[in-house]
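The values are calculated or read from the model by the stated rules, or taken from the named source; none is laboratory data. Only a predicted model underlies this, so the values are computations on that prediction, with no experimental measurement involved. With ideal geometry, Cβ positions are generated from the backbone for all residues, glycine too; neighbour counts draw on all protein chains shown. For accessibility, only protein heavy atoms count, side chains too; no ligands or nucleic acids. Shrake-Rupley method; radii C 1.70, N 1.55, O 1.52, S 1.80 Å.
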Amino acid sequence: MRPLRYAINVTLDGCCHHEAGLPPDEESMRYWTDELERADALLFGRVTYEMMESAWRRPATGTWPDWMAEWQIPFGETIDRAKKHVVSSTLSAVDWNAELVRDDLRTAVQRLKQEPGKGLFVGGVTLPLALADLGLIDEYVFVVQPILAGHGPTLLAGLRERIQLELVDRHEFRSGVVAQRYRPTLATA
């Protein structure tokens, strides 16, 4: 069974708005590229899918935009070519190497996890909360930004039950950002 990994940038006070942390740098983009490459497919809700597509879909010309630095291109290429599954009840169609997931969330994600491969990657805010509540996330990666945002959506706000996690890896960036990788333990309260 391939694992479902949830990874997100989060500030010290729990804000997980995509603009609340430090601007991406070469080291962090390399880290995120490596994270995406650990998965066979990406799982997004509508909002995250549309946000990522607007930023990282290769233009029809085949040439990346001028605003993109050379060190951002590997991330762009990785996410652009990745297989994507989009959970949405409002979209009627998706493209960008994506397919809609409309079945019962638990059933659909369990089916995706049963497929052979390295793993699934989920990002965003709303969908991961639902997946955590269903006990479907096998690994959590929190890339903690040394910032207090003071506002914005917070990490897993509204989680129904506490999930006990075990730290399995830690990586410090030169910028002061710390990536922490956790796995749920059997003991939950």
| message | Strictly greater than 18 Å: what percent of every Cα pair in the range 9-59 meets that? | response | 45 percent
| Dimensions of the range 82-189 along principal axes (Cα, Å, largest first)? | 40, 32, 29
| task | May I have the pair-distance distribution P(r) for the chain, computed from all Cα-Cα distances with 5 Å bins from 0 and rounded to whole percent? | result | 1, 7, 15, 20, 21, 18, 11, 5, 1, 0, 0
| Can you give the alpha-carbon Rg of the range 1-95 over 2.2 N^0.38 Å, where N counts its residues? | 1.13
| note | Given a 1.4 Å probe, the accessible area of the chain per residue, as a whole number of Å², is 53 Å²
| task | Let me know the charge dipole size of the chain about its Cα centre in debye, to the nearest 20, where only the beta-carbon of Lys, Arg (+1) and Asp, Glu (-1) is charged. | result | 560 debye
| Rg/Rg_ref, the range 48-92, where Rg_ref = 2.2 N^0.38 Å and atoms are Cα | 1.27
| said: Which of 123, 158, 21 ends up with the largest GNM mean-square fluctuation for the chain, with Cα atoms connected below 10 Å? | reply: 158
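Calculate the dipole size of the range 77-165 relative to its Cα centre from +1 charges on Lys and Arg beta carbons and -1 charges on Asp and Glu beta carbons; express the result in debye to the nearest 20.
Roughly 100 debye for the range 77-165.
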| request: Express the carbon and sulfur contribution to the solvent-accessible surface of the range 124-179 as a percent, rounded to the nearest whole number, probe 1.4 angstrom. | output: 50 percent
| Any idea how far the Cα center of the range 129-189 sits from the one of the range 15-44, in Å? | 14 Å
| field | Among 124, 45, 176, residue whose mean-square fluctuation peaks in a GNM of the chain (springs only between Cα atoms under 10 Å) | value | 176
| said: For Cα pairs less than 8 Å apart in space and 6+ apart in sequence, what is the mean separation divided by the residue count of the range 37-165, i.e. the relative contact order in percent? | reply: 30 percent
